[in-house]
Amino acid sequence: MSDLDCVTLPPPPSRIHSDDEERDMELFAMAPQAPVIVNLTSEAKSKLKDGKLCPSSLVIATSPAGCMILCHLISSKTVIGSLTLPECSMANNTLSSSHTNKDCFIYQTSFDTILVACQYDVQPGRCGALVKALFSVMDPTSVTIVNSVSSCDLCTLPPDEGIVALETDLYKERRRVPSDIMYLPSGNMVDGLPAALMSHCQTRGVAAQLLVSIEHAPVPDETTLLQLAQVLDHEVSAIGDTLGLELDNFGCATGDVQHSYSHSSHSTLFT
């Protein structure tokens, strides 16, 4: 028998929900939700133009790997605000930046670039509200979204099994150099917050690119992080912006992160 097309194969585990999960999602959708709270510092408010910040580039991390890169490999940044989901508890958050925190901070770099590190587990029904809140104070020229997906959740894997991309129509027009990153293979889907961000940018004519790192373990390893950091730095440069990643400091940064993971429930991955 010939191989079946990926469209006819059974859906991956990420698209299957138990009865309890479906019931919880229905109850969540029916319950009234408090609005997402946008907090900006006085310095950021002084730079508003028609009520919005207008960076040349907006980089949004929606995965642990992406947040690690933005938080640990860019030292020349300052906090200018945050997005708060009222339903998410911050009881166990630490005062210092940590991969275990549940928060979403907005940073300004020394270049004309704004970073957003979203460490919330955003429910599907709240993605639209968070995107609306973010772009209520942002009017960027270009947007780069950094996300990760488990290889088990893909129907088909690209040949190099590394990083794949999606782009809006306007982003393709504005690229200064051709990209050598493969697009997401046919038959696969992107959902959640990255999908909501890309949908917003496409419908409103914003140049946006989604970088998806394919991971084979629950914790991003050093090779995956380095590859993602290099690709992110190159792609931001390809549209004429500067991110300021300190790749020379990569070993020290990832060493601290892996040390913190070695004392967590994933400790067996580092023994």
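A few points about this structure:
- Residue within segment 81-100 that is under 24 Å from K49 (Cβ atoms) and among the aliphatic types (A, V, I, L, M) present: yes
- Any pair with Cβ under 8 angstrom, 6 or more apart, that starts in segment 70-94 at a residue that is small (G, A, S) and modelled with pLDDT of 90 or more and ends at one that is surrounded by 20 or more Cβ atoms within 10 Å (Cβ to Cβ) and in a strand (DSSP E or B): G81/F105; G81/I106; S82/C104; S82/F105; S82/I106
- Check on V231, at pLDDT below 85, under 19 Å from H72 (Cβ atoms), buried (at least 18 other Cβ atoms within 10 Å of the Cβ) and among the β-branched types (V, I, T): no
- Restricting segment 23-36 to residues that are closer than 14 Å to G128 by Cα and at pLDDT 65 or above, the residue that is surrounded by the most Cβ atoms within 10 Å (Cβ to Cβ): V36
- Residue in segment 185-217 that is nearest to R126 (Cα to Cα), counting only those that are touching a Pro at 6+ places or on another chain (Cβ under 8 Å) and not in a helix (DSSP H, G or I): D191
- Of the residues making up segment 171-202, those that are buried (at least 17 other Cβ atoms within 10 Å of the Cβ), under 23 Å from A238 (Cα atoms) and among the hydrophobic types (A, V, I, L, M, F, W, C) are I181, L184, A195, L197, M198, C201.
- Qualifying residues in segment 37-54 (those that are assigned to a loop (DSSP other than H, G, I, E, B) and under 12 Å from F135 (Cα atoms)) - the one nearest to the chain's Cα centre (by Cα): C54
- Restricting T224, T268, T254 to residues that are surrounded by fewer than 19 Cβ atoms within 10 Å (Cβ to Cβ) and either of a type outside the set (A, V, I, L, M) or at pLDDT 80 or above (or both) narrows the list to T268.
For every residue, the table says whether it meets (1) closer than 23 Å to L210 by Cβ; (2) crowded, with 20+ Cβ neighbours inside 10 Å; (3) in contact with a strand residue (DSSP E or B) (Cβ under 7 Å, 6 or more places away or on another chain).
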{"site": "H72", "(1), (2), (3)": "yes, yes, no"}
{"site": "V79", "(1), (2), (3)": "no, no, yes"}
{"site": "S82", "(1), (2), (3)": "yes, no, yes"}
{"site": "L95", "(1), (2), (3)": "no, no, no"}
{"site": "T100", "(1), (2), (3)": "no, no, no"}
{"site": "C118", "(1), (2), (3)": "yes, yes, yes"}
{"site": "C127", "(1), (2), (3)": "yes, yes, no"}
{"site": "S136", "(1), (2), (3)": "yes, no, yes"}
{"site": "D139", "(1), (2), (3)": "yes, no, yes"}
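The values are calculated or read from the model by the stated rules, or taken from the named source; none is laboratory data. Here the structure is a predicted model, which means the values were calculated and not measured. A quick note on method: Cβ atoms are made from the backbone with ideal geometry, for glycine too, and the neighbour counts reach across all protein chains shown.
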